[in-house]
Amino acid sequence: MTLEEIRVGQRVRLGPIGDTNDDCEHRNGSVIVVDGRVGQVEVEFADGFVGVRSVTVSPEQLEPVQIDDPAEKSESPSRPRWWERVAETGASIPAADRAQIPRDAAENLDFYLYGWKRPGP
């Protein structure tokens, strides 16, 4: 692949590193950074490929992963993303309980949790 073809969030497969001939099924990941200045791409692995969470590689080492690719399907069952889990959890709070959450809870979190002085203007 070329740097111009790669987008953040794109599913990719990392090609062979060095002289290894390992299976590529555990090398699927998502692009998290595309650095055009140095011509490198950072890829994050969902299952911690070889004990590593992410690696920085050249674009030539990557292959696009198609949605209908069997290796991609076997990587993980359709697990919801973190923001989908947050939205689902928030939606499961009963309306009466949700109405009791103060409108300024995020802004004055320390006040509501610890009783600290509210920040003023």
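Of note:
- Residue within the range 95-113 that is within 30 Å of Ser30 (Cα to Cα) and not aliphatic (A, V, I, L, M) present: no
- Residues of the range 58-95 that turn out to be over 26 Å from Glu4 (Cβ atoms), assigned to a helix (DSSP H, G or I) and at pLDDT 65 or above, as a count: 11
- Some residue of the range 38-52 being part of a helix (DSSP H, G or I), at pLDDT 80 or above and surrounded by 12 or more Cβ atoms within 10 Å (Cβ to Cβ): no
The values are calculated or read from the model by the stated rules, or taken from the named source; none is laboratory data. Keep in mind that what you see is a predicted model, and the values were worked out from it rather than measured. Cβ coordinates were reconstructed from backbone atoms using ideal geometry, including for glycine residues, and neighbour counts include every protein chain displayed.
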